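The values are calculated or read from the model by the stated rules, or taken from the named source; none is laboratory data. Here the structure is a predicted model, which is why all the values come from computation and not from measurement. Quick reminder, even Gly has a Cβ in these numbers, built from the backbone with ideal geometry, and neighbours come from all protein chains shown. Note: areas computed on protein heavy atoms with side chains; ligands, DNA, RNA excluded. Shrake-Rupley method; radii C 1.70, N 1.55, O 1.52, S 1.80 Å.
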Amino acid sequence: MNPHLPDLRRKAAALPLCPGVYLMKDESGKIIYVGKSRKLKNRVSSYFLADRKTPKTQKMVSHVADFDYILCDGEMEALTLENTLIKRYTPHYNIRLKDAKSYPYIKVTAEDYPRVVVTRERRADRGKYFGPYSSSAAAHEAADTVTRVFSLPTCRRVFPRDIGKERPCLYAQMGRCAAPCTGTVPPEAYRELIRGAVGVLSGNVRETREGLMAAMIEAAEGERFELAAHYRDAMAALDRLSDKQKVVGDADENRDVLALFRDDFCMVLAVLSVREGKLIEAHAYLLEKDAEDDDLSTVVTTYYGTPEAVPREVLLSFNLPEETYGLLSDYLSEFSGHRVEVRTPQRGKLRALVDMAMENARDRAAKAREHAEREETVLVTLARLLGLEVVPDRIEMYDISEIGQEHITAAMIVTDGTAFRRSDYRTFRMKTLAHTDDYAAMRETLSRRLAHIGDGTPSLGAVPDLILLDGGVGQVHAVMDILPDFPVKPPVFGLVKDDYHKTRALTDGENEISIATEKSVYAFLYRLQEEVHRVAVRATMGAKTKTLRRSALEDIPGIGAVKAKKLLARMKYTALKTATVADMAAAGIPASDAARVYAYFHKEDTQT
């Protein structure tokens with residue numbers, strides 16, 4: 001029972017009956033949910049009535065300690081503000097495309113001379129993003145095609161900074177690159193090429209192909225056969241890209257189809273993208289949170305992150321209130337800069353497209369269920385083998401890596417079920433060790449980690465269901481020695497390795513539990529072992545690299561990194577070691593710094 005409910009109900013009852021956006025907050029003041037409503041009072045009050053909440057909404061409400069609200073002039077303003085706030089705060093209980101971040105995008109950078117690149121990150125950097133694509137291969141093929149068709153550079157030169165600094169590369173000589181490095185391509189002409197690339201990436205292939213055909217004919221008539229061959233090859237590349245796309249409509253049809261599938265297990269959004277009558281991409285996303293019926297419009301606005309991604313028409317599988325269709329159309333039209341129609345078709349070929357998208361959503365949901373059942377089987381088997389009271393959800397694994405005594409690092413990786421939760425990974429640099437000691441390092445690491453349980457620190461404040469150590473009996477005993485000092489005592493097991501450094505059993509410090517006959521558990525633990533080793537080694541090498549970049553001059557009292565860099569700009573390190581104060585003064589080094597350097601490298605002389 002939420003102790004704040006009486007105060008929340010009174011505050012909600014005082015809200016006006018007008019459009020607005022509300023922000024639910026937890027005890028720490030963190031925003032955990034953002035919503036909108038035409039009648040703010042009714043909507044917010046409904047959260048605090050027992051008979052109006054789904055189980056997932058009940059869970060969210062149990063964490064609400066307070067809420068803020070912003071009054072709006074109309075529904076359009078409320079929808080726009082809601083979408084902006086969701087993107088800014090990414091609240092835990094708002095709908096998110098759970099696995100969209102794993103898909104690649106094509107990005108046209110925001111520079112004087114833009115580039116076409118493949119990326120897996122979408123940032124607010126004024127670049128234009130296209131996708132997501134179903135695979136890295138598909139994204140690279142599309143990017144390579146537009147790069148070849150429009151003769152865009154693929155080198156690492158930065159324009160206009162590098163114009164004229166080097167000779168044009170082989171691609172320029174072959175006619176595969178417009179060669180802005182020569183300075184003969186003005187920014188206006190280059191931007192025209194980029195506009196063509198953006199058109200193709202947006203799905204408008206026909207106009208580009210017609211332009212290439214006209215250019216090829218003109219080049220052939222002028223007996224510029226190499227140039228004509230270039231245009232011919234460019235058209236062939238466009239045709240190959242286009243031939244892989246299924247025809248589902250007329251050549252002037254550009255639309256997205258969004259189908260939402262929900263069952264008692266998960267919620268899936270499937271999207272079909274149709275450009276120039278061809279199905280160019282099909283995706284199905286798991287949604288991280290379930291949606292209330294009046295939040296379905298947020299599903300649409302959440303999906304469209306950039307104006308370039310919005311087509312002329314959006315078809316939905318679910319029904320919305322009549323006024324909401326107009327609201328969404330107006331919002332997407334303003335967001336994209338062109339008129340967008342949103343509707344739910346009931347019959348005909350458009351309904352067939354919606355049904356196709358719904359089949360994709362059902363298939364994705366079935367695969368998600370199968371994957372979850374396999375995960376559950378692995379975790380249940382692991383819990384049975386180890387005699388755990390509960391099936392572990394949060395599992396933490398630790399490993400120690402070292403390069404000499406000054407670089408001893410521990411890595412902590414975390415799983416959410418069987419999936420890596422990389423945002424919760426942590427590394428620990430040893431602070432108390434005077435010499436190499438894996439057992440002492442593990443004691444220090446777990447002491448520092450367990451001290452944070454319950455203090456609200458991200459990741460470290462959480463309670464682990466199971467702790468695994470990439471080490472045997474000795475490591476487990478080292479951690480068992482410190483557990484009595486802490487109120488929370490998670491189960492701890494170590495991995496017992498064979499002669500090939502592969503895990504053959506688990507140990508609680510006294511008994512070995514064989515996993516030889518449990519292939520799924522063995523494969524899961526092998527993944528954990530490889531991951532924690534990778535993170536530990538990377539952290540150790542990073543620490544070592546930092547010290548390698550550090551100048552020995554920084555060991556001199558009064559000489560820091562900046563001053564050391566200035567000294568080396570005046571004289572080389574070998575010269576400084578043997579130079580007199582007068583030599584350094586002649587090189588422009590201040591007298592006080594020269595005296596420090598001379599005293600450091602001539603300690604015996606200065607003592608005498």
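Only protein heavy atoms count here; on that basis, with a 1.4 Å probe, residue 391 has an accessible area of about 60 Å².
Approximating the spin labels as points 7 Å out from Cα along Cα→Cβ, the residue 511-to-residue 391 distance works out to 2.3 nm. Identify all aspartates and glutamates with a Cα-Cα distance to residue 11 below 17 Å; exclude those on the same chain that are fewer than 8 residues away in sequence. The qualifying aspartates and glutamates are 26, 27, 66, 68. The mean accessible area for residues of region 471-529, using a 1.4 Å probe and ignoring ligands and nucleic acids, is 52 Å² per residue.
Ligands, DNA and RNA aside, residue 339 has an accessible area near 140 Å² when probed at 1.4 Å.
In the chain, how does Rg compare with the Kirkwood Rh, expressed as the Rg/Rh ratio over alpha carbon atoms? Please list the in-between numbers first.
On the way: Rg = 31.2 Å, Rh = 29.8 Å.
Taking Rg over the Kirkwood Rh, I get 1.05.
Using a 1.4 Å probe on the protein heavy atoms, what percent of the accessible area of the chain belongs to carbon and sulfur?
51
Only alpha carbons enter this Debye calculation for region 106-214, each as an equal point scatterer, and the log10 of I(q)/I(0) it gives at q = 0.14 Å⁻¹ is -0.57.
On full extension of the chain, what length is gained from residue 583 through residue 13, given 0.36 nm per residue of separation minus the C-alpha to C-alpha distance? Please list the in-between numbers first.
Values: separation 570, 0.36 × 570 = 205.20 nm, distance 8.14 nm.
Result: 197.1 nm gained on full extension.
Of the residues 303, 95, 169, the one whose Cα sits farthest toward the positive end of the charge dipole of the chain, with +1 on the Cβ of Lys and Arg and -1 on the Cβ of Asp and Glu, is 169.
If you sort the three axes of the alpha carbon gyration tensor as a ≥ b ≥ c, you get a/c of 1.5 or more for region 315-469 and a/b above b/c, which makes it prolate. Shape call for region 1-154 from the C-alpha gyration tensor, a ≥ b ≥ c root eigenvalues: rounded (a/c under 1.5), prolate (a/b greater than b/c) or oblate? Cα axes put region 1-154 in the prolate bin. Between residue 120 and residue 226, the contour length at 0.36 nm per residue exceeds the Cα-Cα span by 34.5 nm.
Beyond 26 Å, what share of the Cα-Cα pairs of region 273-391 remains, rounded to the nearest whole percent?
35
Summarising the strand pairing of the chain, around 80 percent of its internal DSSP beta bridges are antiparallel. Summarised in one figure, the compactness ratio Rg/Rh of region 463-512, Cα atoms and Kirkwood Rh, is 1.01. Since only 277, 22, 601 are under comparison, the one whose Cα sits farthest along the positive direction of the charge dipole of the chain, derived from C-beta charges on Lys, Arg, Asp and Glu, is 601.
Here the simple spin-label model places points 7 Å from the Cα toward Cβ, and for residue 352 and residue 171 these points are separated by 4.2 nm. Protein heavy-atom accessible surface, 1.4 Å probe, per residue over region 307-466: 48 Å². Projected onto the charge dipole of the chain (+1 at Lys/Arg Cβ, -1 at Asp/Glu Cβ, origin at the Cα centre), which of 32, 182, 533 gives the Cα projection farthest towards the positive end? Comparing the listed Cα positions along the dipole, 182 ranks first. How many angstrom separate the Cα center of region 297-357 from the Cα center of region 423-466? For region 297-357 versus region 423-466, the Cα centre distance is 49 Å. Pairs from the list 107/566; 36/278; 563/603; 56/367; 56/87 with a Cα-Cα gap above 28 Å: 107/566; 36/278.
Given +1 at the Cβ of Lys and Arg, -1 at the Cβ of Asp and Glu and no other charges, the dipole of region 282-379 around its Cα centre is 560 debye to the nearest 20.
Comparing Cα centroids, region 202-239 and region 518-535 end up 52 angstrom apart. Size descriptor for region 426-584, Kirkwood hydrodynamic radius: 19.3 Å (Cα pairs only, one decimal).
Each residue was assigned an accessible area with a 1.4 Å probe, and for residue 432 the value is about 110 Å².
Principal semi-axes of the equivalent ellipsoid, √(5λ) from the alpha carbon gyration tensor of region 338-401, are 45, 17, 9 Å from largest down. When the Cα convex hull of region 23-82 is projected onto planes of every orientation, the mean area is 4.1 nm². Give me the distance between the Cα centres of region 470-492 and region 361-415, rounded to whole Å. Between the Cα centres of region 470-492 and region 361-415 lies a distance of 18 Å.
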